[in-house]
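Here the structure is laid out as C-alpha coordinates; the discussion comes afterwards.
The values are calculated or read from the model by the stated rules, or taken from the named source; none is laboratory data. All figures in this text were calculated on a predicted structure; none of them were measured in a lab. Cβ atoms come from the backbone with ideal geometry, glycine included; neighbour counts cover every protein chain shown. Surface areas here come from the heavy atoms of the whole protein model, side chains and all, with no ligands, DNA or RNA. Shrake-Rupley method; radii C 1.70, N 1.55, O 1.52, S 1.80 Å.
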Amino acid sequence: MGRFHRLVPGLLLVVLVACTSIPYRPAPTTPSPTVATTDRLIVLGDDGNLRSMAPDGTNVVPLTTDAGSDVQIDQPVASPDGTDLAWVEVRSGQPSVVVADRSGRRLQTVAMGIVPFFMQWDPTSTNIAYLGNAGQGLGMGVIEHAATAPTDVAIGAGSPFYLSWSPDGRELLVHVGTTQLGVADLNQKLRRIHVRPGRFQAPIWLADGRTVYDRVLGDQQELVVADGAATHVLETFSGSVAFDASPDGSRIAYRIDGSGARDGVYVQAVDAGTRTLVTHVGAPAFFWSPTGDHLLLLTVKGTGASRVVRWKVWSDGQLVTNDPYQPSQTFGAQYLPFFDQYAQAFTPWAPDGSAFAFAGVIDGTAGIYVQPVDGGAPTRVSDGEFVLWSPPERPTSAN
(Lines give C-alpha, C1' and ligand atoms only; values in the text may rest on other atoms or scores of the structure.)
Protein backbone atom coordinates (compact mmCIF):
# COMPACT_ATOMS: atom_id res chain seq x y z
CA MET A 1 0.00 0.00 0.00
CA GLY A 2 1.57 3.29 -0.98
CA ARG A 3 0.32 5.00 2.18
CA PHE A 4 -0.04 1.80 4.16
CA HIS A 5 3.59 0.63 4.48
CA ARG A 6 7.27 -5.84 8.17
CA LEU A 7 6.12 -5.94 11.65
CA VAL A 8 8.79 -5.40 14.29
CA PRO A 9 7.24 -6.19 17.68
CA GLY A 10 8.10 -3.61 20.30
CA LEU A 11 9.53 -1.11 17.82
CA LEU A 12 8.69 2.36 19.05
CA LEU A 13 7.03 4.69 16.62
CA VAL A 14 9.26 7.40 15.21
CA VAL A 15 8.36 10.93 16.32
CA LEU A 16 7.62 13.04 13.28
CA VAL A 17 6.23 16.25 14.74
CA ALA A 18 7.20 19.01 12.33
CA CYS A 19 9.21 21.98 13.45
CA THR A 20 7.40 25.16 12.57
CA SER A 21 7.42 28.83 13.34
CA ILE A 22 3.63 29.11 13.03
CA PRO A 23 2.11 29.86 16.45
CA TYR A 24 0.01 27.04 17.86
CA ARG A 25 -3.69 27.83 17.65
CA PRO A 26 -5.85 25.80 20.04
CA ALA A 27 -9.21 24.49 18.90
CA PRO A 28 -12.08 26.92 19.46
CA THR A 29 -14.76 26.01 21.94
CA THR A 30 -18.22 25.68 20.49
CA PRO A 31 -21.60 24.99 22.12
CA SER A 32 -22.76 21.38 22.09
CA PRO A 33 -26.21 21.23 20.49
CA THR A 34 -28.64 18.43 21.09
CA VAL A 35 -28.26 15.87 18.31
CA ALA A 36 -30.80 13.15 17.63
CA THR A 37 -29.71 9.56 18.29
CA THR A 38 -30.62 8.65 14.71
CA ASP A 39 -28.07 8.04 11.96
CA ARG A 40 -25.98 10.97 10.66
CA LEU A 41 -23.79 11.91 7.72
CA ILE A 42 -20.25 12.99 8.67
CA VAL A 43 -18.95 15.32 5.95
CA LEU A 44 -15.51 16.75 5.26
CA GLY A 45 -16.47 20.02 3.62
CA ASP A 46 -14.85 22.02 0.86
CA ASP A 47 -13.50 24.41 3.51
CA GLY A 48 -11.63 21.57 5.22
CA ASN A 49 -13.95 21.44 8.23
CA LEU A 50 -16.00 18.54 9.53
CA ARG A 51 -19.70 18.68 10.14
CA SER A 52 -22.49 16.30 11.04
CA MET A 53 -25.93 16.43 9.47
CA ALA A 54 -29.14 14.53 9.00
CA PRO A 55 -29.21 12.39 5.81
CA ASP A 56 -31.34 15.02 4.07
CA GLY A 57 -28.76 17.75 4.75
CA THR A 58 -30.66 19.45 7.59
CA ASN A 59 -29.74 19.81 11.29
CA VAL A 60 -26.12 20.66 10.45
CA VAL A 61 -23.74 20.52 13.42
CA PRO A 62 -20.20 21.91 12.98
CA LEU A 63 -17.58 19.58 14.43
CA THR A 64 -14.65 21.85 13.50
CA THR A 65 -14.69 25.50 12.40
CA ASP A 66 -11.11 26.73 11.98
CA ALA A 67 -9.51 24.59 9.25
CA GLY A 68 -6.94 26.53 7.25
CA SER A 69 -3.28 26.74 6.34
CA ASP A 70 -2.19 25.98 9.93
CA VAL A 71 -5.03 23.58 10.85
CA GLN A 72 -5.69 20.44 8.81
CA ILE A 73 -8.57 18.07 9.52
CA ASP A 74 -8.61 14.53 8.11
CA GLN A 75 -9.66 10.88 8.49
CA PRO A 76 -13.02 11.06 10.30
CA VAL A 77 -14.28 7.74 11.68
CA ALA A 78 -17.43 6.88 13.63
CA SER A 79 -17.56 4.32 16.43
CA PRO A 80 -19.64 1.22 15.57
CA ASP A 81 -22.10 1.98 18.38
CA GLY A 82 -22.80 5.46 16.96
CA THR A 83 -21.78 7.19 20.19
CA ASP A 84 -18.46 8.80 19.30
CA LEU A 85 -16.41 10.21 16.45
CA ALA A 86 -12.67 10.59 15.95
CA TRP A 87 -10.58 12.53 13.48
CA VAL A 88 -7.00 13.69 12.91
CA GLU A 89 -6.02 17.31 13.52
CA VAL A 90 -2.66 18.86 12.69
CA ARG A 91 -2.32 22.29 14.33
CA SER A 92 0.80 24.25 13.45
CA GLY A 93 2.54 20.97 12.62
CA GLN A 94 1.45 19.24 15.85
CA PRO A 95 -0.70 16.14 15.19
CA SER A 96 -3.41 14.84 17.48
CA VAL A 97 -6.41 12.56 17.41
CA VAL A 98 -9.63 14.20 18.59
CA VAL A 99 -12.41 12.09 20.08
CA ALA A 100 -15.83 13.74 20.34
CA ASP A 101 -19.38 12.70 21.07
CA ARG A 102 -22.02 12.88 18.36
CA SER A 103 -22.91 16.47 19.32
CA GLY A 104 -19.34 17.55 18.60
CA ARG A 105 -18.34 17.98 22.26
CA ARG A 106 -14.63 17.20 22.49
CA LEU A 107 -13.99 14.36 24.92
CA GLN A 108 -10.27 13.78 24.37
CA THR A 109 -7.40 15.29 22.40
CA VAL A 110 -4.57 12.75 22.13
CA ALA A 111 -1.17 14.13 21.13
CA MET A 112 0.50 11.95 18.50
CA GLY A 113 4.11 11.41 17.42
CA ILE A 114 3.05 10.66 13.84
CA VAL A 115 0.24 11.89 11.64
CA PRO A 116 -2.27 9.04 11.21
CA PHE A 117 -3.59 8.54 7.70
CA PHE A 118 -5.84 5.63 8.66
CA MET A 119 -7.90 5.01 11.80
CA GLN A 120 -10.34 2.27 12.76
CA TRP A 121 -12.44 1.77 15.89
CA ASP A 122 -12.54 -1.78 17.24
CA PRO A 123 -15.91 -3.61 17.20
CA THR A 124 -16.53 -2.74 20.88
CA SER A 125 -16.14 1.02 20.20
CA THR A 126 -13.37 1.20 22.82
CA ASN A 127 -9.99 1.36 21.05
CA ILE A 128 -8.74 3.00 17.87
CA ALA A 129 -6.02 1.46 15.69
CA TYR A 130 -4.05 3.82 13.48
CA LEU A 131 -1.34 3.86 10.81
CA GLY A 132 1.01 6.69 9.90
CA ASN A 133 4.29 7.32 8.13
CA ALA A 134 7.27 6.63 10.41
CA GLY A 135 10.82 6.88 9.07
CA GLN A 136 11.26 4.59 6.07
CA GLY A 137 8.06 2.66 6.69
CA LEU A 138 4.79 2.87 8.56
CA GLY A 139 4.08 3.00 12.27
CA MET A 140 1.07 1.22 13.75
CA GLY A 141 -0.41 1.86 17.17
CA VAL A 142 -3.59 1.72 19.23
CA ILE A 143 -5.27 4.42 21.31
CA GLU A 144 -6.75 2.36 24.13
CA HIS A 145 -9.96 3.57 25.85
CA ALA A 146 -10.04 6.39 23.34
CA ALA A 147 -13.12 8.22 24.63
CA THR A 148 -12.57 7.82 28.39
CA ALA A 149 -8.88 7.42 29.42
CA PRO A 150 -6.77 7.33 26.25
CA THR A 151 -3.35 5.66 26.20
CA ASP A 152 -1.32 5.65 23.00
CA VAL A 153 0.34 2.22 22.63
CA ALA A 154 2.95 1.61 19.91
CA ILE A 155 2.44 -1.85 18.37
CA GLY A 156 4.99 -2.07 15.53
CA ALA A 157 6.13 -0.87 12.16
CA GLY A 158 6.59 -2.13 8.62
CA SER A 159 5.73 -1.54 4.98
CA PRO A 160 3.14 -2.12 3.66
CA PHE A 161 0.86 -2.64 6.68
CA TYR A 162 -2.77 -3.83 6.83
CA LEU A 163 -4.90 -4.85 9.80
CA SER A 164 -8.24 -6.16 11.04
CA TRP A 165 -9.63 -6.07 14.59
CA SER A 166 -10.66 -9.18 16.54
CA PRO A 167 -14.34 -9.16 17.57
CA ASP A 168 -13.42 -8.44 21.21
CA GLY A 169 -11.04 -5.58 20.38
CA ARG A 170 -8.06 -7.22 22.11
CA GLU A 171 -6.01 -8.35 19.12
CA LEU A 172 -5.32 -7.45 15.50
CA LEU A 173 -4.81 -9.64 12.46
CA VAL A 174 -1.94 -8.01 10.58
CA HIS A 175 -0.48 -8.43 7.10
CA VAL A 176 2.92 -6.75 6.98
CA GLY A 177 5.35 -6.56 4.07
CA THR A 178 5.15 -9.47 1.64
CA THR A 179 6.02 -12.32 4.04
CA GLN A 180 4.34 -11.76 7.42
CA LEU A 181 0.84 -12.65 8.54
CA GLY A 182 0.05 -12.87 12.23
CA VAL A 183 -1.93 -11.83 15.27
CA ALA A 184 -0.65 -8.91 17.35
CA ASP A 185 -1.93 -8.10 20.82
CA LEU A 186 -1.86 -4.77 22.62
CA ASN A 187 1.30 -5.83 24.51
CA GLN A 188 3.34 -5.79 21.29
CA LYS A 189 3.44 -9.59 21.00
CA LEU A 190 3.12 -11.16 17.56
CA ARG A 191 1.92 -14.72 16.92
CA ARG A 192 2.91 -15.72 13.42
CA ILE A 193 0.56 -17.55 11.07
CA HIS A 194 2.90 -19.88 9.26
CA VAL A 195 1.76 -19.45 5.70
CA ARG A 196 3.20 -17.45 2.86
CA PRO A 197 0.82 -14.54 2.27
CA GLY A 198 -0.46 -14.18 -1.26
CA ARG A 199 -1.07 -11.10 -3.33
CA PHE A 200 -3.66 -9.21 -1.32
CA GLN A 201 -3.89 -6.21 1.01
CA ALA A 202 -6.20 -6.30 4.04
CA PRO A 203 -7.13 -9.52 5.87
CA ILE A 204 -10.47 -9.85 7.67
CA TRP A 205 -11.36 -11.08 11.15
CA LEU A 206 -14.97 -12.23 10.99
CA ALA A 207 -17.47 -11.60 13.78
CA ASP A 208 -17.59 -15.35 14.59
CA GLY A 209 -13.81 -15.47 15.21
CA ARG A 210 -12.70 -16.95 11.91
CA THR A 211 -10.23 -15.14 9.67
CA VAL A 212 -9.99 -14.60 5.91
CA TYR A 213 -6.74 -14.15 3.98
CA ASP A 214 -4.94 -15.13 0.77
CA ARG A 215 -2.02 -17.59 0.77
CA VAL A 216 0.40 -18.95 -1.78
CA LEU A 217 0.21 -22.61 -2.77
CA GLY A 218 2.76 -23.53 -5.46
CA ASP A 219 2.18 -21.21 -8.40
CA GLN A 220 -1.41 -20.49 -7.36
CA GLN A 221 -3.19 -18.31 -4.81
CA GLU A 222 -5.81 -19.54 -2.35
CA LEU A 223 -8.43 -17.40 -0.70
CA VAL A 224 -9.12 -19.18 2.59
CA VAL A 225 -11.29 -19.01 5.69
CA ALA A 226 -9.32 -20.15 8.76
CA ASP A 227 -10.67 -21.42 12.08
CA GLY A 228 -7.58 -22.06 14.18
CA ALA A 229 -5.51 -24.64 12.33
CA ALA A 230 -8.44 -25.66 10.11
CA THR A 231 -8.82 -23.88 6.78
CA HIS A 232 -11.48 -23.89 4.11
CA VAL A 233 -10.50 -22.84 0.58
CA LEU A 234 -12.98 -20.47 -1.03
CA GLU A 235 -11.17 -19.98 -4.34
CA THR A 236 -7.97 -21.00 -6.13
CA PHE A 237 -6.68 -18.62 -8.80
CA SER A 238 -3.70 -16.84 -10.27
CA GLY A 239 -3.12 -13.10 -10.00
CA SER A 240 -4.21 -11.08 -6.97
CA VAL A 241 -7.34 -10.65 -4.87
CA ALA A 242 -9.18 -8.04 -2.80
CA PHE A 243 -12.16 -8.93 -0.63
CA ASP A 244 -14.82 -7.68 1.77
CA ALA A 245 -17.11 -9.66 4.10
CA SER A 246 -20.79 -9.04 4.72
CA PRO A 247 -21.41 -7.68 8.25
CA ASP A 248 -22.81 -10.98 9.49
CA GLY A 249 -19.80 -12.83 8.04
CA SER A 250 -21.92 -15.15 5.92
CA ARG A 251 -20.69 -14.04 2.49
CA ILE A 252 -17.48 -12.80 0.91
CA ALA A 253 -17.27 -10.48 -2.08
CA TYR A 254 -13.91 -10.72 -3.83
CA ARG A 255 -12.23 -9.33 -6.92
CA ILE A 256 -9.69 -11.34 -8.91
CA ASP A 257 -7.17 -9.42 -10.99
CA GLY A 258 -4.50 -10.71 -13.41
CA SER A 259 -6.18 -14.00 -14.25
CA GLY A 260 -7.42 -13.11 -17.72
CA ALA A 261 -10.92 -14.37 -18.34
CA ARG A 262 -11.39 -15.06 -14.62
CA ASP A 263 -11.02 -11.38 -13.70
CA GLY A 264 -14.08 -9.93 -12.04
CA VAL A 265 -16.03 -9.53 -8.80
CA TYR A 266 -17.65 -12.60 -7.26
CA VAL A 267 -19.81 -13.35 -4.24
CA GLN A 268 -19.61 -16.61 -2.35
CA ALA A 269 -20.94 -18.01 0.91
CA VAL A 270 -18.22 -18.32 3.54
CA ASP A 271 -19.12 -21.92 4.45
CA ALA A 272 -20.03 -23.50 1.13
CA GLY A 273 -21.62 -22.91 -2.22
CA THR A 274 -20.79 -21.89 -5.76
CA ARG A 275 -19.38 -18.49 -6.54
CA THR A 276 -21.66 -16.00 -8.27
CA LEU A 277 -20.25 -13.58 -10.84
CA VAL A 278 -21.30 -10.00 -10.11
CA THR A 279 -19.43 -8.20 -12.90
CA HIS A 280 -16.44 -8.46 -15.23
CA VAL A 281 -16.32 -4.65 -15.48
CA GLY A 282 -13.47 -3.10 -13.51
CA ALA A 283 -14.56 -2.43 -9.93
CA PRO A 284 -11.90 -0.63 -7.85
CA ALA A 285 -14.11 -0.71 -4.73
CA PHE A 286 -17.13 -2.49 -3.29
CA PHE A 287 -18.95 -2.26 0.06
CA TRP A 288 -21.54 -4.53 1.68
CA SER A 289 -24.65 -2.89 3.07
CA PRO A 290 -25.10 -3.09 6.88
CA THR A 291 -28.01 -5.47 6.30
CA GLY A 292 -25.81 -7.71 4.11
CA ASP A 293 -28.33 -8.02 1.28
CA HIS A 294 -26.78 -5.50 -1.15
CA LEU A 295 -23.30 -4.97 -2.52
CA LEU A 296 -22.33 -1.47 -3.67
CA LEU A 297 -19.73 -1.41 -6.46
CA LEU A 298 -17.81 1.48 -7.96
CA THR A 299 -17.27 0.48 -11.59
CA VAL A 300 -14.99 1.99 -14.21
CA LYS A 301 -15.28 1.37 -17.94
CA GLY A 302 -13.02 2.82 -20.62
CA THR A 303 -9.96 5.05 -20.25
CA GLY A 304 -9.06 8.71 -20.67
CA ALA A 305 -11.80 10.91 -22.02
CA SER A 306 -14.04 7.87 -22.61
CA ARG A 307 -13.83 6.66 -19.00
CA VAL A 308 -17.20 6.20 -17.33
CA VAL A 309 -17.49 5.78 -13.55
CA ARG A 310 -20.74 4.56 -12.03
CA TRP A 311 -22.09 3.18 -8.78
CA LYS A 312 -23.88 -0.14 -9.20
CA VAL A 313 -25.88 -2.03 -6.59
CA TRP A 314 -26.03 -5.84 -6.71
CA SER A 315 -28.49 -8.01 -4.84
CA ASP A 316 -28.82 -11.74 -5.50
CA GLY A 317 -28.38 -11.55 -9.25
CA GLN A 318 -29.94 -8.15 -9.85
CA LEU A 319 -27.65 -5.23 -10.76
CA VAL A 320 -28.98 -1.65 -10.60
CA THR A 321 -26.84 0.84 -12.55
CA ASN A 322 -26.73 4.50 -11.52
CA ASP A 323 -25.80 7.59 -13.51
CA PRO A 324 -22.16 8.43 -14.33
CA TYR A 325 -20.21 10.60 -11.91
CA GLN A 326 -16.64 11.66 -11.09
CA PRO A 327 -15.33 10.75 -7.61
CA SER A 328 -13.98 13.58 -5.47
CA GLN A 329 -10.23 14.01 -5.39
CA THR A 330 -10.05 13.08 -1.70
CA PHE A 331 -12.04 9.88 -2.11
CA GLY A 332 -10.28 8.92 -5.34
CA ALA A 333 -6.73 9.49 -4.08
CA GLN A 334 -6.92 8.52 -0.40
CA TYR A 335 -9.60 5.84 -0.17
CA LEU A 336 -10.10 4.01 -3.46
CA PRO A 337 -6.63 2.38 -3.75
CA PHE A 338 -7.07 0.87 -0.27
CA PHE A 339 -10.82 0.32 -0.19
CA ASP A 340 -10.50 -3.18 1.33
CA GLN A 341 -8.84 -1.66 4.41
CA TYR A 342 -11.16 1.34 4.63
CA ALA A 343 -14.26 -0.83 4.15
CA GLN A 344 -13.58 -2.16 7.67
CA ALA A 345 -13.41 1.36 9.11
CA PHE A 346 -16.36 3.26 7.60
CA THR A 347 -19.45 2.72 5.49
CA PRO A 348 -21.16 4.82 2.80
CA TRP A 349 -24.40 2.97 3.54
CA ALA A 350 -27.48 4.03 5.48
CA PRO A 351 -27.98 1.68 8.45
CA ASP A 352 -31.17 0.25 6.97
CA GLY A 353 -29.56 -0.30 3.54
CA SER A 354 -32.05 2.00 1.78
CA ALA A 355 -29.45 4.46 0.41
CA PHE A 356 -25.76 5.28 0.20
CA ALA A 357 -23.79 8.54 0.22
CA PHE A 358 -20.79 9.64 -1.82
CA ALA A 359 -18.70 12.69 -2.71
CA GLY A 360 -18.17 13.66 -6.33
CA VAL A 361 -19.37 15.48 -9.40
CA ILE A 362 -22.61 14.81 -11.29
CA ASP A 363 -23.35 16.83 -14.41
CA GLY A 364 -20.74 19.40 -13.45
CA THR A 365 -22.00 19.93 -9.90
CA ALA A 366 -19.72 18.80 -7.07
CA GLY A 367 -20.95 17.86 -3.62
CA ILE A 368 -22.19 15.17 -1.26
CA TYR A 369 -24.96 13.06 -2.73
CA VAL A 370 -27.39 10.56 -1.24
CA GLN A 371 -28.49 7.86 -3.67
CA PRO A 372 -31.54 5.62 -3.08
CA VAL A 373 -30.67 1.95 -3.47
CA ASP A 374 -33.47 1.38 -5.94
CA GLY A 375 -31.79 3.58 -8.55
CA GLY A 376 -33.86 6.72 -8.05
CA ALA A 377 -32.37 10.17 -8.58
CA PRO A 378 -29.55 11.18 -6.21
CA THR A 379 -30.01 14.20 -3.95
CA ARG A 380 -27.23 16.71 -3.35
CA VAL A 381 -27.25 17.46 0.38
CA SER A 382 -24.02 19.43 0.90
CA ASP A 383 -20.69 20.51 -0.50
CA GLY A 384 -17.78 18.29 0.50
CA GLU A 385 -14.88 16.00 -0.42
CA PHE A 386 -15.69 12.96 1.72
CA VAL A 387 -18.65 11.47 3.55
CA LEU A 388 -19.35 8.51 5.80
CA TRP A 389 -22.61 7.34 7.30
CA SER A 390 -22.57 7.17 11.10
CA PRO A 391 -24.97 4.63 12.65
CA PRO A 392 -27.66 5.61 15.13
CA GLU A 393 -26.58 5.66 18.74
CA ARG A 394 -27.22 2.35 20.44
CA PRO A 395 -29.31 2.67 23.62
CA THR A 396 -27.40 2.01 26.82
CA SER A 397 -28.70 -1.09 28.53
CA ALA A 398 -29.91 -0.60 32.07
CA ASN A 399 -28.18 -2.56 34.85
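Some points to look at:
- Hey, residue 203 open to solvent by less than 10 Å² (accessible area, probe 1.4 Å), over 19 Å from the mean Cα position of the chain (by Cα) and under 21 Å from residue 270 (Cα atoms) or not: no
- Among the residues of region 359-372, those identified as open to solvent by 30 Å² or more (accessible area, probe 1.4 Å) and either assigned to a loop (DSSP other than H, G, I, E, B) or under 18 Å from residue 50 (Cβ atoms) (or both) are 363, 364, 366.
- Index of the failed condition, residue 280 passing every other in (1) of a type outside the set (Val, Ile, Thr); (2) within 22 Å of residue 354 (Cβ to Cβ); (3) open to solvent by 50 Å² or more (accessible area, probe 1.4 Å): (2)
- In region 199-213, the residues that are touching a Ser or Thr at 6+ places or on another chain (Cβ under 7 Å), of a type in the set (A, V, I, L, M, F, W, C) and assigned to a loop (DSSP other than H, G, I, E, B): 200, 202
- Selection of strands (runs of 3 or more DSSP E) fully inside region 39-111 by the criterion of at least 1 residues being over 25 Å from residue 343 (Cβ atoms) returns 71-78, 84-91, 94-101, 106-111.
- Considering residues of region 159-179 that are open to solvent by 10 Å² or more (accessible area, probe 1.4 Å) and either among the basic types (Lys, Arg) or not in a loop (DSSP other than H, G, I, E, B) (or both) only, the residue nearest to residue 214 (Cα to Cα): 171
- Listed by first and then second residue, the pairs with beta-carbon distance under 9 Å, at least 6 apart or on different chains, first residue in region 236-260 and on the phi > 0 side of the Ramachandran plot and open to solvent by 10 Å² or more (accessible area, probe 1.4 Å), second outside any loop (DSSP other than H, G, I, E, B) and aromatic (Phe, Trp, Tyr), are 258/237.
- When 308, 216 are checked against the criterion of being at pLDDT 95 or above and farther than 26 Å from residue 349 by Cβ, 216 stands alone in meeting it.
- Pick from region 380-396, criterion open to solvent by 40 Å² or more (accessible area, probe 1.4 Å) and either modelled with pLDDT under 95 or among the aliphatic types (A, V, I, L, M) (or both), ranking: farthest from residue 58 (Cα to Cα): 396
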